[in-house]
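The values are calculated or read from the model by the stated rules, or taken from the named source; none is laboratory data. Since this is a predicted model, take the numbers as computed values, not measurements. Here Cβ is always computed from backbone atoms with ideal geometry, including for glycine, and neighbour counts include all displayed protein chains.
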Amino acid sequence: MTSTTVAADRAVDLPRHEAFALFGSSRTAGWLFGARCDRVAEGATVSMRLPVGDDPDAETLELLGRFSRVVPGSLLVVEHTQPWQGRLCVRFRSDGTARTRVSVRATIPENGVRWLLHRLGVPLPDPPDDGSIRIGAITTMSGPGAVYSVSAQAMAELAVGEVNADGGVAGTRLTLVTADDATDAAQAAFEARRMVALGCRAIFVNSTSASFDAVREAVESPRVLLVHSVINEGGGESPTTLRLGERPAAQLAALVGPTMRAAGARRWYLVGQDYVWSRGAHRDARRVIDAAHGHVAGERLTPLGTTDFGAIIESIRASGADLVLSSLVGADEVAFERACERAGLRETTRTVSLVLDDATFSHIGGRAAEGLRTALGYFQNGPVHGNPELVTRYHAAHGAWAPPITALSETVYEAIHQYARVLHLDPHGSAADHARAWRARRAGRGQDVVGRRDLLAPQLYTAEATRASLLVDGAAELPGR
């Protein structure tokens, strides 16, 4: 299978340097490939929507990446990981004295071609059986959830590469089968069934709770362990399933009281998405807020993929709330926080965001994110022992412009390593055997070291967004510690 090239052009009624200066601003939404960025500079985050084909009404692909080269007025080079790893070039050429021709050229590598064909429903040949042990990773490479999943597949690949470099599992290599659920539960179920047919012994679902629930319903094999490897609301476990990562009850316990005291405020407004994650998080929020003698002044749940939050912002103002809890994820959280900053809501409220990971922060931008608070088990600049070495290995494997490691991608990396150790000791056991062994081998409390963390109840760190980064400012206490 060979690579192909996607090209798109737009004519802009502006001189070249003026057109370049507007790249990524809200005023360019209609004509410059939907580009969005906080600033145009090497290393800065950017998203673009690239049309597929010449039909203006055809589906567009959202590419998420970072600028690797900037030539003012002339050229932008973007290294991207979503929905595949690649590079695109944006050129600005004068077309007369007051007109600019803007062109995008993206060479799609083999894995990108396969992604496109798979998305179009074209059957692809199954990989040959090479005797390796197969595991699956369902990540979100497209759709509104792609923002929080930018490094998940890369981290899964890193883990499998390290396991194999260390001799594999009981002398047998691991093979990683990957899939994009497109932030769609039905697609996640389809990909899970395909992975079972390919003989995967475990499936790591690094996606929404809706996708994980769909995978649980689709897979009923005693030979397949299902692992939900991202923050979730808990519940729904079985002998052959594990749910890892942060729980909203623990996050809220670390955030609600201190935020109320620091702000001298008590009226909360809850904003989330209308599916199981936000509904569970908001149930916990009401309990924790009530225990802290706060009050919930309002709540709004929106469909996944919402981009216009104007009515919700007006509802927050009308409620008299001075504190906001956001359980929004991915592109929805980016759109909401940017809209709040534009509307001046930061001047009257403080916001706690449950899924403000490093990648989501980078897409919101420092100016719009400043002052947001969160609590997660991992931050790329956090204090977990062994983290600097992990970051070094990650960039050695995936390049200097790879997206940040996040709480949602680091967990799948550690989960694969921990599963490999369990499988190594019992390569012929059932999924239930492996789940029991994993629970029994939980890391000792207090061992917050990369590779040995307790993923079932991780240590949480609180952080506040500055204009430059998420600044870790404390460690939360967990029950029993």
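Some notes on this structure:
- Tally of residues being hydrophobic (A, V, I, L, M, F, W, C), in contact (Cβ under 8 Å) with a residue 60 or more places away in the chain, in a loop (DSSP other than H, G, I, E, B) and farther than 27 Å from L174 by Cβ across region 94-151: 1
- As for region 334-350, it holds no residue that is among the aromatic types (F, W, Y) and either under 24 Å from A137 (Cα atoms) or touching a Gly at 6+ places or on another chain (Cβ under 6 Å) (or both).
- The residues of region 21-77 that are among the hydrophobic types (A, V, I, L, M, F, W, C), farther than 15 Å from S103 by Cα and modelled with pLDDT under 75, listed by number, are A29, A58.
Conditions (1) outside the structural domain of R16 (by TED's automatic domain parsing); (2) within 16 Å of the chain's Cα centre (by Cα); (3) of a type in the set (A, V, I, L, M); (4) surrounded by fewer than 21 Cβ atoms within 10 Å (Cβ to Cβ), marked per residue:
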{"site": "R91", "(1), (2), (3), (4)": "no, no, no, yes"}
{"site": "G96", "(1), (2), (3), (4)": "no, no, no, yes"}
{"site": "L117", "(1), (2), (3), (4)": "yes, no, yes, yes"}
{"site": "G167", "(1), (2), (3), (4)": "yes, no, no, yes"}
{"site": "A170", "(1), (2), (3), (4)": "yes, no, yes, yes"}
{"site": "V177", "(1), (2), (3), (4)": "yes, no, yes, yes"}
{"site": "A197", "(1), (2), (3), (4)": "yes, no, yes, yes"}
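- Condition check for F212: surrounded by fewer than 22 Cβ atoms within 10 Å (Cβ to Cβ) and of a type in the set (F, W, Y): no
- I203 fulfils the conditions (1) assigned to a helix (DSSP H, G or I); (2) in contact (Cβ under 8 Å) with a residue 60 or more places away in the chain; (3) out of contact with any Phe, Trp or Tyr (no Cβ under 9 Å at 6 or more places or on another chain); (4) not hydroxyl-bearing (S, T, Y) except for a single criterion, (1).
- Residue among A468, A407, A431 that is exposed (fewer than 14 other Cβ atoms within 10 Å of the Cβ) and either within 21 Å of S229 (Cα to Cα) or among the small types (G, A, S) (or both): A468
- Helices (runs of 4 or more DSSP H) (entirely within region 362-481) containing at least 3 residues that are without any contact (Cβ under 8 Å) to a residue 24 or more places away in the chain and either under 23 Å from A152 (Cβ atoms) or not assigned by TED's automatic domain parsing to the domain that holds A263 (or both): 387-398, 407-425, 431-440
- Restricting the search to strands (runs of 3 or more DSSP E) fully inside region 225-328 and requiring at least 2 residues that are in the same structural domain as P427 (by TED's automatic domain parsing) and buried (at least 18 other Cβ atoms within 10 Å of the Cβ) gives 225-228, 241-243.
- Among residues of region 363-380, those that are at pLDDT 95 or above and surrounded by fewer than 20 Cβ atoms within 10 Å (Cβ to Cβ), counted: 2
- Yes/no for G161 being touching a residue at least 40 places away in the same chain (Cβ under 8 Å), surrounded by fewer than 16 Cβ atoms within 10 Å (Cβ to Cβ) and not hydrophobic (A, V, I, L, M, F, W, C): yes
- Selection count, region 215-224, where residues are part of a loop (DSSP other than H, G, I, E, B) and either buried (at least 20 other Cβ atoms within 10 Å of the Cβ) or touching a His at 6+ places or on another chain (Cβ under 6 Å) (or both): 2
- Residue check for S68: outside any loop (DSSP other than H, G, I, E, B) and over 25 Å from the mean Cα position of the chain (by Cα): no
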